[in-house]
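Step one of this worksheet: look at the structure below.
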2 protein chains.
Amino acid sequence: MEAENREEGRRSGRRGSGGAAARRAARSAAGPGEKHYYIQRKIREYEVLDEEALALIEANAETVLEEIGIEFRDDAEAIALWREAGADIKGERVHFPKGLCRSLLKTAPQVFTQHARNAARSVQIGGKATVFAPVYGPPFVRDLDGERRYATIEDFQNFVKLAYMAPSMHHSGGTVCEPVDVPVNKRHLDMVYAHMRLSDKPFMGSVTAPERAQDTVDMCKILFGADYVDQNCVVINLINANSPMVFDDTMLGAAKVYARNNQACIVSPFILAGAMSPVTVAGTLTQVLAEVLAGASFTQLVRPGAPVLFGTFAASISMQSGAPTFGTPEPSLVSYGAAQLARRLGLPFRTGGSLCASKLPDAQAAQESANTLNMTLLAGTNFALHSAGWLEGGLVSSYEKFMIDVDQLGMMQKFAAGVDISEDAQAMDAIREVGPGSHYLGCAHTQSHFQTAFYRSPLADNNSFEQWQSEGEKRMEVRANELCRQWLNAYEAPALDEGVNDGLRDFIHQRKEAMPDAFT
Amino acid sequence: MEAENREEGRRSGRRGSGGAAARRAARSAAGPGEKHYYIQRKIREYEVLDEEALALIEANAETVLEEIGIEFRDDAEAIALWREAGADIKGERVHFPKGLCRSLLKTAPQVFTQHARNAARSVQIGGKATVFAPVYGPPFVRDLDGERRYATIEDFQNFVKLAYMAPSMHHSGGTVCEPVDVPVNKRHLDMVYAHMRLSDKPFMGSVTAPERAQDTVDMCKILFGADYVDQNCVVINLINANSPMVFDDTMLGAAKVYARNNQACIVSPFILAGAMSPVTVAGTLTQVLAEVLAGASFTQLVRPGAPVLFGTFAASISMQSGAPTFGTPEPSLVSYGAAQLARRLGLPFRTGGSLCASKLPDAQAAQESANTLNMTLLAGTNFALHSAGWLEGGLVSSYEKFMIDVDQLGMMQKFAAGVDISEDAQAMDAIREVGPGSHYLGCAHTQSHFQTAFYRSPLADNNSFEQWQSEGEKRMEVRANELCRQWLNAYEAPALDEGVNDGLRDFIHQRKEAMPDAFT
């Protein structure tokens, strides 16, 4: 199940990951179950569109690009790049000759590696790989005392620790929650530092302003070395479209910084279907494809070859209240379809996660998340943001939900290994040995496989009713709360070279000193 | 979304479904959302085995059948039938020449209709149809006051009413709970009568003794007419194998009654992998296929052409405690694989449902159920028992879980409709009308579709945190409890011809008088 093609090569500027300390740290990071890195899917993708539907949506998207166009707002450089590339510019509206975006995207890699400071944690993005990353963006947390409150930098650090410790979590993520107790113009420094210092898994950068993207890149250069960063992807970044059909200067500014530095952008239409896109699946897919074609090809204008993903965040809305809904059939169909479009385009794909609208980690949260997550895996998603901790439509990072979700991620990883049909797995000798009317519990084949045969959930209670009752009739979230406290108590930071650490701290100190605090 | 090929024809002996009363009853049975009958899947099946794996498992199953054999216990007639068919008999062990079972199964229908007394509720079994049926078998209920206790006939009737009212439930099921307050040798009469009287959806028969199966058939003859029953499937019945590789006289006795009367048998290995089958997916599939080949082809010896399903109940066990586990990756792989084997064999397929081990309708219950149910649909399952109400490994029928599950079934039905690519669904005019930077809420296309565009959950809370808080911070199961009470209060029985009703009641009275009560 582990990645076979993990890069083990020498890396300039990498100083902090080797030796006994790192091995100890790695052991301490082991939650229950076996150690995973990223998923190499041995299963097929599930597809909902046939060739006719795909061709139709692709043709319609080209029509949208040419006839309606996409707006690149408040960014003269972007407009100039498009003009130079042969697009037809009307004010801030860019009209693309048919095939232009597809043609530009030929320089984008189908598969690339995002490097972690611990090479064993580097992940493949694209192809048959699936990488799980935590929730991104909530301003609130639901904490271990059951309180819903604004998130702090301590919460942020805690989620980074939990993601580091979770065997089924391949990535440290980005804004695992929004640390609102840190000034808005400085918190990105503390966030990026937390990912670098408290974890050795790959992570995401700041996109809330071009200078914060640049800070992220500069910190990566301290951690990995400047030359290394220029030649390798070390940070992956979420570039949302302002659907419908707009990219704004904030996102364009961040995208330019990252693309110019050869770092990965996930160009993601953020879709609440019925509000930001048509109310139908086919219409939504058309708009999503048009937006991604425009935004992703823009990164290739900035730097041909820069890694870029086809992203899709799909939810629908309640047509009664306008509230976003998750885990429902229509967004699943959108995401399955978008995954197919991405494969045809030759770009790695991001969607899904463990999305839900529920306010608590109850049955609603779990089934909405499971519906989304099953789709995420079967669609062949390469990068799955929001895979753990998401609650309340993304407003809340929940500790308990995080623990419940990472358990599910472990199940997905096991499923993705598919069916072993080796002679041993065929078990004909076991069937002969046991025969009619007996049982397999004691047979040699069972005994030799029982440690790894079945996924073991650290949270599911499969005991008898009487046993469960005698243990206090705990709901799953109560068990998740207990396990989460255990993990946080047991956390040990991975080793980091003191010189690198000092360099990062000095950089952060200088940057913070250079500007007054801002809170809006 | 509704079935297009529903039989509307005249039916001898059917007397109770027409007219205004039935229409009123049908309206009263409408829960929230649109009315469904059965699912006609417009989506593809998901497959986990390639041709090599399928051929290997099929060859291994033939080896098991020939070399190891299957035991048909305590049933001389069964042994005689097999001897006559060319099998090699050693005591109660039947060894099958390669290809014999497959050859016998050529007379079994790939697709058939199970008729309901209301023709509009008849269901297709096989092909692209998926039929959801309620939980089967629990001796306990978790009631609306939160108590876990033995089930009663009143509970049984309540679950029949709920299944009748749920738009996403296509079938009334069988032993929706075990009414332990009725003598064990008589309760089947009350159960079958409840299905016939309180619902007009198709139902299942008794399999706990051959004479109870005969009572079921005799009651069907009163409801549908004797000639009609002989020529049409009106009851579907669960025939479990005693895995590994045994059929016992109870199940064989029931199977013979139903097959002889041209009624459907679901031949289902009941598998807790690692106990009743090898600990591996490939080994389990081999044994499952061998058992189904033997049991299903047996029905064709009894009456060629009798409808029979390829069933698979798959769970794994905790290798620590031996407890069954649900919603985990390995049983999903087994079920996906078994669905492929069934399609190649040309038999309708049964598996899955909304299975879980949890004691409460909490996050564990919901995610285990959602994992199982997503698989059930995507595998192309034709008949899904246990689709609603299952809790605690099948020991408990839960009212709240039933309501939560039928909501999910509605989502599956919407998903199964796939992606509409009609010109209207392409929504190009809407995209043109809205353009960059606006929104779709008010546009004509959205307005014309908003009633049906998105699945509407009657239980999910998508409101703001503040709204949810002001409404009492209810968990999903609390809302499910409230909705369940509403439904039970609103229930109205479908019309039934008084003569038929009297005939059924007379039959039951006579049968009950004919034997003393038995409680074991």
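The values are calculated or read from the model by the stated rules, or taken from the named source; none is laboratory data. Only a predicted model underlies this, so the values are computations on that prediction, with no experimental measurement involved. With ideal geometry, Cβ positions are generated from the backbone for all residues, glycine too; neighbour counts draw on all protein chains shown. When the accessible area is computed, the model is the full protein with side chains, heavy atoms only, and any ligands, DNA or RNA have been set aside. Shrake-Rupley method; radii C 1.70, N 1.55, O 1.52, S 1.80 Å.
Considering each of B:Arg83, B:Arg93, B:Arg121 in turn, give the residue that is out of contact with any Leu (no Cβ under 8 Å at 6 or more places or on another chain) and surrounded by fewer than 16 Cβ atoms within 10 Å (Cβ to Cβ).
On the way: B:Arg93 fails: surrounded by fewer than 16 Cβ atoms within 10 Å (Cβ to Cβ); B:Arg121 fails: surrounded by fewer than 16 Cβ atoms within 10 Å (Cβ to Cβ).
Every option except B:Arg83 fails the conditions.
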Which of the residues that make up region B:268-323 are touching a Ser or Thr at 6+ places or on another chain (Cβ under 8 Å), assigned to a loop (DSSP other than H, G, I, E, B) and under 26 Å from A:Gln451 (Cα atoms)?
B:Gly274, B:Met276, B:Pro278, B:Val279, B:Ser318, B:Ala323
Taking into account only those residues within region A:393-403 that are in a helix (DSSP H, G or I) and surrounded by fewer than 24 Cβ atoms within 10 Å (Cβ to Cβ), which is farthest from the other protein chains (Cβ to nearest Cβ)?
A:Gly394
Checked against (1) of a type outside the set (Val, Ile, Thr); (2) open to solvent by less than 20 Å² (accessible area, probe 1.4 Å); (3) within 10 Å of chain B (Cβ to nearest Cβ); (4) part of a helix (DSSP H, G or I), A:Leu49 satisfies every condition except (4)
Any idea which of (1) touching a Cys at 6+ places or on another chain (Cβ under 8 Å); (2) more than 18 Å from A:Val257 (Cβ to Cβ) is the one A:Ala275 doesn't satisfy?
(1)
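Results for (1) closer than 30 Å to B:Ala163 by Cα; (2) in contact with a Ser or Thr (Cβ under 7 Å, 6 or more places away or on another chain); (3) charged (D, E, K, R), shown as yes or no for each residue.
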{"residue": "B:Tyr37", "(1), (2), (3)": "yes, no, no"}
{"residue": "B:Glu58", "(1), (2), (3)": "no, no, yes"}
{"residue": "B:Arg73", "(1), (2), (3)": "no, no, yes"}
{"residue": "B:Ala80", "(1), (2), (3)": "no, no, no"}
{"residue": "B:Ile89", "(1), (2), (3)": "no, no, no"}
{"residue": "B:Pro97", "(1), (2), (3)": "no, no, no"}
How many residues are farther than 14 Å from B:Asn371 by Cβ and more than 9 Å from chain B (Cβ to nearest Cβ) when one looks only at region A:365-382?
4
Would you mind finding the one in A:Ala264, A:Ala241, A:Ala226, A:Ala194 that is touching a strand residue (DSSP E or B) at 6+ places or on another chain (Cβ under 7 Å) and closer than 18 Å to A:Ala116 by Cα?
A:Ala264
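Out of the residues in region A:407-459 meeting the condition of being in contact with a strand residue (DSSP E or B) (Cβ under 7 Å, 6 or more places away or on another chain) and facing chain B (nearest Cβ under 7 Å), tell me which one is surrounded by the most Cβ atoms within 10 Å (Cβ to Cβ). Explain how you work it out, then say what you get.
Of the residues in region A:407-459, the ones in contact with a strand residue (DSSP E or B) (Cβ under 7 Å, 6 or more places away or on another chain) are A:409, A:413, A:416, A:436-437, A:440, A:454.
From what is left, the residues that are facing chain B (nearest Cβ under 7 Å) are A:436-437, A:440, A:454.
Working: A:Pro436: 21, A:Gly437: 15, A:Tyr440: 27, A:Phe454: 22.
Residue satisfying both the conditions and the ranking: A:Tyr440.
Only one of B:Val334, B:Val288, B:Val308, B:Val302 is at negative phi and either surrounded by fewer than 24 Cβ atoms within 10 Å (Cβ to Cβ) or without any contact (Cβ under 8 Å) to a residue 12 or more places away in the chain (or both); which? Break it down into steps so the answer makes sense when it comes.
Details: B:Val334 fails: either surrounded by fewer than 24 Cβ atoms within 10 Å (Cβ to Cβ) or without any contact (Cβ under 8 Å) to a residue 12 or more places away in the chain (or both); B:Val288 fails: either surrounded by fewer than 24 Cβ atoms within 10 Å (Cβ to Cβ) or without any contact (Cβ under 8 Å) to a residue 12 or more places away in the chain (or both); B:Val308 fails: either surrounded by fewer than 24 Cβ atoms within 10 Å (Cβ to Cβ) or without any contact (Cβ under 8 Å) to a residue 12 or more places away in the chain (or both).
Testing whether each residue is at negative phi and either surrounded by fewer than 24 Cβ atoms within 10 Å (Cβ to Cβ) or without any contact (Cβ under 8 Å) to a residue 12 or more places away in the chain (or both) leaves just B:Val302.
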Take B:Cys220 and decide whether it is over 26 Å from B:Gly352 (Cα atoms), in contact with a strand residue (DSSP E or B) (Cβ under 7 Å, 6 or more places away or on another chain) and at pLDDT 95 or above.
yes
Among all residue pairs at least 6 apart or on different chains, which show Cβ distances below 6 Å where the first residue, located in region A:353-380, is at pLDDT below 95 and open to solvent by 10 Å² or more (accessible area, probe 1.4 Å) and the second is in a helix (DSSP H, G or I) and of a type in the set (S, T, N, Q)?
none
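Would it be correct to say that A:Val406 is part of a helix (DSSP H, G or I), more than 28 Å from B:Thr452 (Cα to Cα), at pLDDT 95 or above and not charged (D, E, K, R)?
Yes: the conditions hold for A:Val406.
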Filtering region B:501-515 down to residues that are aliphatic (A, V, I, L, M) and either within 9 Å of B:Leu189 (Cβ to Cβ) or crowded, with 16+ Cβ neighbours inside 10 Å (or both) yields B:Leu504, B:Ile508
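For residues in region A:463-477 being under 29 Å from A:Asn158 (Cα atoms) and surrounded by 15 or more Cβ atoms within 10 Å (Cβ to Cβ), which is farthest from the other protein chains (Cβ to nearest Cβ)?
First, pick out the residues of region A:463-477 that are under 29 Å from A:Asn158 (Cα atoms): A:471-477.
Of the ones still in play, those that are also surrounded by 15 or more Cβ atoms within 10 Å (Cβ to Cβ) are A:474-477.
Values: A:Lys474: 9, A:Arg475: 4, A:Met476: 4, A:Glu477: 6 Å.
Checked region A:463-477; the qualifying residue farthest from the other protein chains (Cβ to nearest Cβ) is A:Lys474.
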Residue pairs qualifying under the 9 Å Cβ cut-off, at least six apart or on distinct chains, with the first in region A:490-509 being modelled with pLDDT of 95 or more and among the β-branched types (Val, Ile, Thr) and the second being open to solvent by 50 Å² or more (accessible area, probe 1.4 Å) and assigned to a helix (DSSP H, G or I), are none
Members of region A:263-284 that are at negative phi, facing another protein chain (nearest Cβ under 8 Å), buried (at least 24 other Cβ atoms within 10 Å of the Cβ) and not β-branched (Val, Ile, Thr)
A:Ala273, A:Met276, A:Ser277, A:Pro278, A:Ala282, A:Gly283
Tell me whether region A:208-231 contains one or more residues that are under 15 Å from the mean Cα position of the chain (by Cα) and crowded, with 24+ Cβ neighbours inside 10 Å.
no
